[in-house]
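For reference, the structure is listed below as structure tokens.
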Amino acid sequence: MFDDLLKRLGLGPVESGACHERWIEDPGGEEIESFNPADGKSLGRVKLANGAVYDEVVGRAVEAFAGWRMTPGPHRGEVVRKIGEALRERKADLGMLITLETGKIRSEGEGEVQEMIDMADFSVGLSRQLYGLTIASERPRHRMMEQWHPLGPIGVITAFNFPAAVWAWNAMVAAVCGDTVVWKPSPLAPLTAIAVQKIVAKVAEEEGFPGVFNLCLGSIEDVGEPMLNDRRLPLISATGSCRLGYHVAEVVGRRLGRTILELGGNNAVIVAPSADLDLAIRGIAFAAVGTAGQRCTTARRLIVHESLYEAVVDRLARAYRTLPIGNPWDDGVLVGPLIHEQAVEAMTDALRRATEQGGEVVVGGKRLDRPGCFVEPALVRAKPGMAIVGEETFAPILYAIPYRTLDEAIAIQNEVEQGLTSAIFTRDLLEAERFLSPEGSDCGIANVNIGTSGAEIGGAFGGEKATGGGREAGSDSWKAYMRRQTCTINYGRQLPLAQGVRFDVG
Ligand code: NAD
């Protein structure tokens, strides 16, 4: 049914998962299959890289770095601009492939490609703005300055739920910064990664820079762990579960490598007494059930003032009952499938535990009687302190918790292990400002009258605490991909020392 689409993206029935300056036809590892979670059918097979091929790919990324780092930033930006153009041309097809592999609806699949294009545009501008400071020196006829140099080949590990955009957040910025990139995508969305690599590698080669963008799909043993331990990769940017992040921090930290960690979220929306409920219900619904609850920014907790609790739960329950669930490529559908059987089981198990801990499922939670991993998003009445509410179950479950005072709401919001995104719906300026103040939300992202998901690329994206502390995409996130050098230049004939130290010899 989707054969033509796959062909247009250059994908055959069996693809190689390894590419440096050229595709490696037989990368020596096992074959894996990519499945469409909406119907369980195979989309294609992928040959993984073995350990020797991993070694070769990183070796080539090291070689390519030598030339790329000396290419002027704006010239690197020009290559990225052409990649953005190539992605624009393939937006519909690539978006549809993302829909097929991850189950996200069409507009979200295409939205993910738009995010890549936006990252390309942002990075082109950035390629002329990799500024350092000039600093006043305390010594006569001395000048101090900071400059930013490329760091090296960067290892990028991505999660299944944003199989293309997360790579772009990293790779586009890293590339204009003068770094080369080695990408290990999720084995749950390998074809998206291969299709992206085909588009990007072609442009890079045409522009005379093969080997800047590299792909290495492989097992944890052959590729994942070697990346974490590889001193040739000075920075590992890893996106995934908190469990992954604890491990990456430890292994990369042992060699004093750098990390950017983008991990799990357990995001909350506070609905205050003055909230515009029409706005709030729409914002909450998109944040809680969009992408079938499989965004790191999904709203998982709803903290509602007790005066509105029943009204908000009722209105949301009504909205949940009319949610169009179905094939994510069909017009009008808003909720697609979960990624696999284990995700359905995790959701069922979480709802069982929620009930045991005193929660009440108001609506949803059932598996649909049809092929594929479809579930009804669930809304659960919950109380503060229920253990399950502290966990990120990667599925559409929203726990609604009542509160009395804003202090209490903020305390509930901040009590979980993760610190990614947060939101408040209020028309009270004082409440909004308190929420954004140092004694308010402890998250990397805090929104007023907007839900928790759907961030723009212009801001730095990421979260605190067990979300890992990393920042990617916009603002000054680029600094993590470069090394800072402080330079002092003496243009006089004396050698004064800092802090008045004297050391006269000869
Ligand atoms: P996951 O942790 O299962 O896997 C993420 C990636 O890590 C995959 O590529 C996987 O193969 C790789 N990996 C696993 N073990 C490894 C090891 N030992 N060494 C090297 N690589 C290893 O996550 P997932 O199920 O694919 O994605 C969902 C999770 O990702 C959720 O927790 C979600 O919140 C999080 N996420 C976070 C962000 C963010 O920006 N904060 C964005 C998207 C997803």
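The values are calculated or read from the model by the stated rules, or taken from the named source; none is laboratory data. No experiment lies behind these values; they were computed from the predicted model shown. Don't worry about glycine lacking a Cβ; one is built from the backbone with ideal geometry, like all the others, and counts go over all protein chains shown. For accessibility, only protein heavy atoms count, side chains too; no ligands or nucleic acids. Shrake-Rupley method; radii C 1.70, N 1.55, O 1.52, S 1.80 Å.
Please get the size of the charge dipole for the stretch 306-359, origin at its Cα centre, with Cβ charges of +1 on Lys and Arg and -1 on Asp and Glu, quoted in debye to the nearest 20. List each step's numbers first, then the result.
Details: 5 positive and 9 negative charges, 25 e Å.
The calculated dipole for the stretch 306-359 is roughly 120 debye.
Taking the Cα centre of the chain as origin, sum charge times position over the Cβ atoms of Lys and Arg (+1) and Asp and Glu (-1), and report the length of that vector in debye to the nearest 20.
The calculation lands at about 1280 debye.
Could you tell me the center-to-center distance, by alpha carbons, between the stretch 329-362 and the stretch 477-492 in angstrom?
50 Å
Net charge around P72, counting only other residues with Cβ within less than 11 Å of its Cβ (Lys, Arg = +1; Asp, Glu = -1)?
Combined, the nearby Lys, Arg, Asp and Glu give +2.
Can you give the net charge of the other residues whose Cβ lies under 12 Å from the Cβ of T426, counting K and R as +1 and D and E as -1?
So the surrounding residues net to -2.
Can you give the relative contact order of the stretch 352-506 as a percent, counting alpha carbon pairs under 8 Å and 6+ residues apart?
13 percent
Which pairs in the list K7/K47; K184/K465; K104/K465; K47/K198; K91/K202; K91/K366 are over 23 Å apart, alpha-carbon to alpha-carbon? Intermediate values should be presented prior to the final figure.
Details: K7/K47 18 Å; K184/K465 25 Å; K104/K465 28 Å; K47/K198 15 Å; K91/K202 16 Å; K91/K366 34 Å.
With Cα atoms farther than 23 Å apart: K184/K465; K104/K465; K91/K366.
Which trypsin sites (Lys or Arg not before Pro) in the stretch 1-89 pass both tests, a DSSP loop state and at most 15 other beta-carbon atoms within 10 Å?
Counting only loop positions with at most 15 other Cβ atoms within 10 Å, the trypsin sites (Lys or Arg not before Pro) in the stretch 1-89 are R22, K41.
Normalising by the residue count of the chain, find the relative contact order in percent from Cα pairs under 8 Å and 6+ residues apart.
Working: 1169 pairs, mean separation 87.6, N = 506.
The value is 17 percent.
Would you rank M144, M96, M70, M119 by solvent-accessible area, highest first, keeping every protein chain in place and using a 1.4 Å probe?
My answer, sorted largest first, is M70, M144, M96, M119.
How charged is the neighbourhood of L244? Take every other residue with its Cβ under 14 Å from the Cβ of L244, and add Lys/Arg as +1 and Asp/Glu as -1.
-2
Quick one: longest stretch of the chain between exposed loop chymotrypsin sites (Phe, Trp or Tyr not before Pro), exposed meaning at most 13 other C-beta atoms within 10 Å and loop per DSSP?
Result, exposed sites excluded: 132-490.
Within 10 Å of each candidate Cβ there may be at most 15 other Cβ atoms; applying that plus a DSSP loop requirement, which trypsin sites (Lys or Arg not before Pro) in the stretch 132-210 survive?
The qualifying sites are R141.
Given +1 on the Cβ of Lys and Arg, -1 on the Cβ of Asp and Glu, and no further charges, what dipole in debye does the stretch 333-450 carry about its Cα centre, rounded to the nearest 20?
Roughly 440 debye, rounded to the nearest 20.
Roughly how many whole Å is it from the C-alpha centroid of the stretch 187-227 to that of the stretch 125-180?
21 Å
Taking the dipole about the Cα centre of the chain, with the C-beta of Lys and Arg at +1 and of Asp and Glu at -1, give me whichever of S477, S307, Y54 is farthest to the positive side.
S477
Leaving ligands, DNA and RNA out of it, report the carbon-plus-sulfur percent of the accessible area of the chain at a 1.4 Å probe.
Here carbon and sulfur together make up 52 percent of the probe-accessible area.
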